[in-house]
Amino acid sequence: MNCELCHGAGGRLLWQNGLARVVAVDEPGLPGFLRVIAARHVREMTDLPPEECTRLLVLVLAVERHLRAALQPDKMNLASLGNVTPHVHWHVIPRWRDDRHFPGPVWAPARHDGPVPPAREAAAREMERTLPAALAAFEG
């Protein structure tokens, strides 16, 4: 099988257990963009046993909660697409009214090319540093 999420991290690894890993996505202009990636290869959420599906969703929501508290974005985006990479993964994306894509999706062409406020970049780095402690209750 040639699945990039089975054979690569999918981003900069921040945390993992037997269920999933959380990685930072280096997307210009979008500090705090994270992915929650299922540890084993499954194509769809409904391919997971119900209890594993529930645990994965609880993890996605814990990541969102941590991002919201740390970064205080204007809005949060959660997306599970997998059209290009058919391996269950969730995009957890903090959004601000002044980000380069707002109000469109982050995959749309940028509307402007303005800089990210330095304080937001610093807060994203701190959020990444504190994420493992915030997820310590999740077991594999």
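Listing for the model above:
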{"item": "Looking only at region 1-29, and only at residues there that are in contact with a Gly (Cβ under 6 Å, 6 or more places away or on another chain) and in contact (Cβ under 8 Å) with a residue 24 or more places away in the chain, the one that is surrounded by the fewest Cβ atoms within 10 Å (Cβ to Cβ)", "result": "18"}
{"item": "Residues satisfying the stated conditions in region 76-123, i.e. assigned to a loop (DSSP other than H, G, I, E, B), over 23 Å from residue 10 (Cβ atoms) and open to solvent by 50 Å² or more (accessible area, probe 1.4 Å)", "result": "97, 98, 102, 103, 109, 111, 112, 113, 115"}
{"item": "Evaluation of residue 133 against (1) surrounded by 11 or more Cβ atoms within 10 Å (Cβ to Cβ); (2) not in a loop (DSSP other than H, G, I, E, B) (one fails), failing number", "result": "(1)"}
{"item": "Selection within region 40-53 - in a helix (DSSP H, G or I) and over 17 Å from the mean Cα position of the chain (by Cα)", "result": "46, 47, 50, 51, 52"}
{"item": "Single unsatisfied condition, residue 63 versus (1) under 15 Å from residue 88 (Cα atoms); (2) of a type outside the set (Gly, Ala, Ser); (3) surrounded by 12 or more Cβ atoms within 10 Å (Cβ to Cβ)", "result": "(1)"}
{"item": "Given (1) more than 30 Å from residue 113 (Cα to Cα); (2) surrounded by fewer than 14 Cβ atoms within 10 Å (Cβ to Cβ); (3) free of Cβ contacts under 8 Å to residues at least 24 places away in the same chain; (4) not aromatic (Phe, Trp, Tyr), number of the condition residue 44 does not satisfy", "result": "(3)"}
{"item": "Residue check, residue 32 buried (at least 17 other Cβ atoms within 10 Å of the Cβ) and either in a strand (DSSP E or B) or modelled with pLDDT of 95 or more (or both)", "result": "yes"}
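The values are calculated or read from the model by the stated rules, or taken from the named source; none is laboratory data. Computed from a predicted model, the values in this text were never measured in an experiment. With ideal geometry, Cβ positions are generated from the backbone for all residues, glycine too; neighbour counts draw on all protein chains shown. Ligands, DNA and RNA are stripped out before the accessible areas are found, and what is left, the full protein with its side chains, is counted by its heavy atoms. Shrake-Rupley method; radii C 1.70, N 1.55, O 1.52, S 1.80 Å.
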